[in-house]
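Visitor: Sharing a structure here in structure tokens format.
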Amino acid sequence: MTRPTPKEIKAMADVAGIAVDAEAATRIANSIGPAFEGFAPVAGTLPFDLEPATFLLIQSAKVSK
Amino acid sequence: MSTEPALLSLTAVAQAIAQKRLSSREVTQSCLDRIAAWQPRLNAFMAIEAEAALAAADAADAALSKGKPRGPLHGVPLAHKDMYYDAGHVVTCGSNIRRDFVATTTSTALQRLKDAGTVRLGTLQMVEFAYGPTGHNSHYGAVHNPFALDHITGGSSSGSGSAVAARLTFAALGSDTGGSIRMPAHFCGVTGLKTTYGRISRAGAMPLSQSLDTVGPLARTSEDCALLIGLMAGTDPADPTAIAGPVPDYTAATRQSIEGLTIGVPTAFYVDDLDAEVARILDETLAVLKREGAHVVPVELPDQRQLTAACQLVLAVEAAAYHKRWLIERPADYGPQVLMRLQNGLAIPGVSYLEAMRWRGPALAAFNAAVADVDAVIAPVAPVPAPTIAESDVGNSPDAESVIQRLTRFTRPINYLGLPSLAIPAGFTSGGLPVGMQLIGRSFDEAMLLRIGAAFQRATDFHDRVPQ
């Protein structure tokens, strides 16, 4: 998982229907880049059957010391 | 000792009104007097509704004289973050876009407090659309810290932190998506409860991120927070994420000792790169907890940096999705920093967002396993005390996101995991700035945090200090 480049960001924003100029795209790339890098160890490693709703199951499971 | 009613705690003033030792009018007037004195310096209020508040106070007094109290907060004047819909009232959400928006419904949390008998004082300032941790607002101006006027309050519940600290309201609703209750609690020296995701209905509260948003109070004490969460928690047909089941007796929990409890101190991340005074105050806090009978043990947590990153991915995408229409139609009506942060969400692929959502369950399970032997974890809310307004006014500069990330480093992992966290005033720097610590608990175990917080506040007086 690599951080998107300003050029890629501009293209993604265009697809979303929101125009961003080159300066904004650069700013976004710098701003969101660390999140991509921080999540990189997890990205692409999750098991096939894992549902987002697993969170609610874990949250509601009784946990005590 | 001052006899100014506004200086009482929420719990104490509610009892005083119920027992007719004070009238709602006396209490409301006391708050209004303080608001008149402090508002020019703090900018904590978005709207002050003095006449309506006094009329409501008179009605409350009349009802009480007829033996018809509405509830446990009968006649208590409160103001809240200006993002809770209140039918017929303007709710700006701290924005230019909603400057004239009049709500047609009332949020469940607010309605439950109204049903308990509260009087509306007005509304409190906030960061635009609750998207920022400093308290800056390019449309309505920065909110000022009552302990040091040139310093930030923290955000996004900036007015809530400032007004509660200055004793302008007895408590205030905030919201916490990435730290927005705990940051102002830390910077302003008040108690703030970020509730478990699903503990309090979000219906009628302005959304920022549906997977992370939580409703909670800022107040002077843990006891006050216990009273408020007890009134607001519980299932709600208008919000399917609000969990069913009984609501614990949180107030009873605050009366319990912490003798024999085990409190974990992280061995890494939350203790790294701390300001020297924050580190000192963490040590002093641990010493108090030990004196009160708790065991303090080291706890090794999973990599919190990954949680922070996952939180940022989820928040950015969900916020951008909520705002997409206005991003297309009215981009010029946003402040520069909020616009920049909303645009961040456009750069995150759907697959990355969903990976971050899918990882929440395993990440929470891993955290639960790591803290299996402790009753709660304690950590600083932020690595630093309140910076100045000038040095944190970074707008949409290249440094903006790194400044924001540094401030919210210790709060975001908790939002991603949906866990409860209680921020308590834990000390002051040599320069007089408040510093808070956060107690982090198991899902839906706010009672444990309030129990520890109340015991700490029985042993200390940081929460009693009034800014001059």
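Visitor: Which value at 222 nm does the protein assembly as shown reach when only helices count, each DSSP H run of 4 or more adding -39,500 (n - 2.57), with the total divided by all residues and rounded to the nearest 500 deg cm²/dmol?
Guide: -12500 deg cm²/dmol
Visitor: With +1 on the Cβ of every Lys and Arg and -1 on the Cβ of every Asp and Glu, and nothing else charged, how large is the dipole of segment B:182-272 about its Cα centre, in debye rounded to the nearest 20?
Guide: For this selection, approximately 100 debye.
Visitor: Restricting the calculation to Cα positions, tell me the Rg (one decimal) and the Dmax (whole number) of segment B:1-78 in Å.
Guide: That works out to 12.6, 40 Å for Rg and Dmax.
Visitor: Still on this structure: Any idea of the accessible area per residue across chain B, 1.4 Å probe, to the nearest Å²?
Guide: That works out to 32 Å² per residue.
Visitor: Within 10 Å, count the other beta carbons around each residue, average over each peptide in B:448-459, B:349-360, B:97-108, and list them highest first.
Guide: B:448-459, B:349-360, B:97-108
Visitor: How would you order B:368-380, B:246-258, B:424-436 from highest to lowest mean count of nearby Cβ atoms within 10 Å?
Guide: Ranking, from highest mean packing down: B:424-436, B:368-380, B:246-258.
Visitor: Provide, as a two-decimal number, the C-alpha radius of gyration of chain B over 2.2 N^0.38 Å, N being how many residues it has.
Guide: For chain B, the normalised Cα radius of gyration is 0.90.
Visitor: If you don't mind, another one. Sort out for me the Cα centre separation of segment B:270-332 from segment B:219-247, rounded to whole Å.
Guide: 22 Å
Visitor: Next question, about the same structure. Segment B:102-176 to segment A:35-55: how many Å between their Cα centroids?
Guide: Result: 35 Å between the Cα centres.
Visitor: Roughly how big is chain A's charge dipole about its Cα centre, with Cβ charges of +1 (Lys, Arg) and -1 (Asp, Glu), in debye to the nearest 20?
Guide: 300 debye
Visitor: Still on this structure, please answer the following. Rounded to the nearest 5, what % of DSSP beta bridges with both residues in the protein assembly as shown are antiparallel?
Guide: 70 percent
Visitor: May I pose another question? Would you mind checking the pairs B:LYS20/B:LYS81; B:LYS194/B:LYS290; B:LYS20/B:LYS114; B:LYS81/B:LYS290; B:LYS114/B:LYS324; B:LYS20/B:LYS194 and listing those with alpha carbons more than 31 angstrom apart?
Guide: Those over the limit are B:LYS81/B:LYS290; B:LYS114/B:LYS324; B:LYS20/B:LYS194.
Visitor: What residue among A:ALA13, B:LEU10, A:ALA29 has its Cα farthest toward the positive end of the dipole of the protein assembly as shown, where the charges are +1 on Lys, Arg and -1 on Asp, Glu, each on the Cβ?
Guide: My answer, from the dipole projection, is B:LEU10.
Visitor: What aspartates and glutamates could a cross-link reach from B:LYS68, if we take a straight Cα to Cα line under 20 Å and drop same-chain neighbours fewer than 8 places away?
Guide: B:GLU26, B:ASP58, B:ASP115
Visitor: How crowded by other chains is B:78-85, given as the mean number of beta carbons from other chains within 10 Å of each beta carbon?
Guide: For peptide B:78-85, the averaged partner shielding equals 0.
Visitor: Which order, highest average first, do A:8-19, A:24-35 follow once you tally other Cβ atoms within 10 Å for each residue and take the mean per peptide?
Guide: Answer by packing, highest mean first, reads A:24-35, A:8-19.
Visitor: Okay, moving on. Set Lys and Arg Cβ to +1 and Asp and Glu Cβ to -1, take the dipole of chain B about its Cα centre, and tell me which of B:GLN306, B:HIS323, B:ALA369 lies farthest positive.
Guide: Towards the positive end, the residue furthest out is B:HIS323.
Visitor: To continue, here is another question. Considering every pair of different Cα atoms, what Kirkwood radius, in Å, is found for chain A?
Guide: 14.6 Å
Visitor: So for the protein assembly as shown, taking the charge dipole from beta-carbon charges (+1 Lys/Arg, -1 Asp/Glu), which of B:ALA386, B:ALA238, B:ALA185 sits furthest toward the positive end?
Guide: B:ALA238
Visitor: Let's see if you can work this out: charge +1 on each Lys and Arg Cβ, -1 on each Asp and Glu Cβ, no other charges. What is the dipole magnitude of segment B:334-468 about its Cα centre, in debye to the nearest 20?
Guide: Taking the Cα centre of segment B:334-468 as origin, the dipole is about 220 debye.
Visitor: Under the definition of partner shielding as Cβ atoms of other protein chains within 10 Å of a residue Cβ, what is the mean value for peptide B:437-445?
Guide: 2
Visitor: Okay, moving on. Long-range amide H contacts for B:ALA294: which residues qualify at under 5 Å (H placed 1.01 Å from N, peptide plane, sequence gap of 5 or more or a different chain)?
Guide: Under 5 Å from the amide H of B:ALA294: B:GLY260.
Visitor: Which whole number gives the average count of other chain Cβ atoms within 10 Å of the Cβ atoms across peptide A:22-35?
Guide: Counting other chains' Cβ atoms within 10 Å and averaging over A:22-35 gives 6.
The values are calculated or read from the model by the stated rules, or taken from the named source; none is laboratory data. The structure presented is a predicted model; accordingly, all values stated were derived computationally and were not measured. So basically every Cβ, Gly included, is an ideal-geometry build from the backbone, and we count neighbours across all protein chains shown. What goes into the accessible areas is simple: the full protein's heavy atoms, side chains included, and nothing from ligands, DNA or RNA. Shrake-Rupley method; radii C 1.70, N 1.55, O 1.52, S 1.80 Å.
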